[in-house]
1. List pairs: first residue in segment 67-84 and in contact (Cβ under 8 Å) with a residue 40 or more places away in the chain and surrounded by 20 or more Cβ atoms within 10 Å (Cβ to Cβ), second residue aliphatic (A, V, I, L, M) and not in a loop (DSSP other than H, G, I, E, B) anywhere in the structure, Cβ distance under 8 angstrom, at least six positions apart or on different chains.
2. Looking only at segment 20-55, how many residues end up being under 19 Å from Val74 (Cβ atoms) and outside any helix (DSSP H, G or I)?
Amino acid sequence: MFHLASFDEIAGVAHGIEVTNPWLVARIRRAAENLNAYEIAARLGQAITEAADAAHARAFEEAEFGEASADAIVDCEYYDELAATWSLVAAEHQLITPETILAHDGSVH
């Protein structure tokens, strides 16, 4: 069922990565110190793409073989965490705000 959530609830998901993997967050924050807004946005986009690719690979293996390989599972979890971390860093650099998310009508074009 579709569930509407406030932005604070959605933002809390990204902040959970600080608890579950603080070392990754620290590493990405250090890397982002030397990047401009465009480079951070590019890294976020790349992380989201890699997370989607890993999720598709895992889903394919589960559908084809009944279960995913350990590599597919670990890749999926890592890239999910990487995307969450870059989302957190982008929000800290004010690249992601409620206004920018809610301004779009959901269309891709």
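The values are calculated or read from the model by the stated rules, or taken from the named source; none is laboratory data. These figures come from a predicted structure and were not determined experimentally. Cβ sites come from the backbone with ideal geometry, for glycine too, and all protein chains shown count toward neighbours.
1. Leu82/Leu24; Leu82/Ile28; Leu82/Ala47; Leu82/Ala51; Ala84/Val13; Ala84/Ala14; Ala84/Ile17
2. Counting residues in segment 20-55 that are under 19 Å from Val74 (Cβ atoms) and outside any helix (DSSP H, G or I) gives 1.
Residues checked against (1) surrounded by 11 or more Cβ atoms within 10 Å (Cβ to Cβ); (2) modelled with pLDDT of 95 or more; (3) touching a strand residue (DSSP E or B) at 6+ places or on another chain (Cβ under 6 Å):
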position: His3; (1), (2), (3): no, no, no
position: Glu9; (1), (2), (3): no, no, no
position: His15; (1), (2), (3): yes, no, no
position: Asp53; (1), (2), (3): yes, yes, no
position: Ala57; (1), (2), (3): yes, yes, no
position: Glu61; (1), (2), (3): yes, yes, no
position: Phe65; (1), (2), (3): no, yes, no
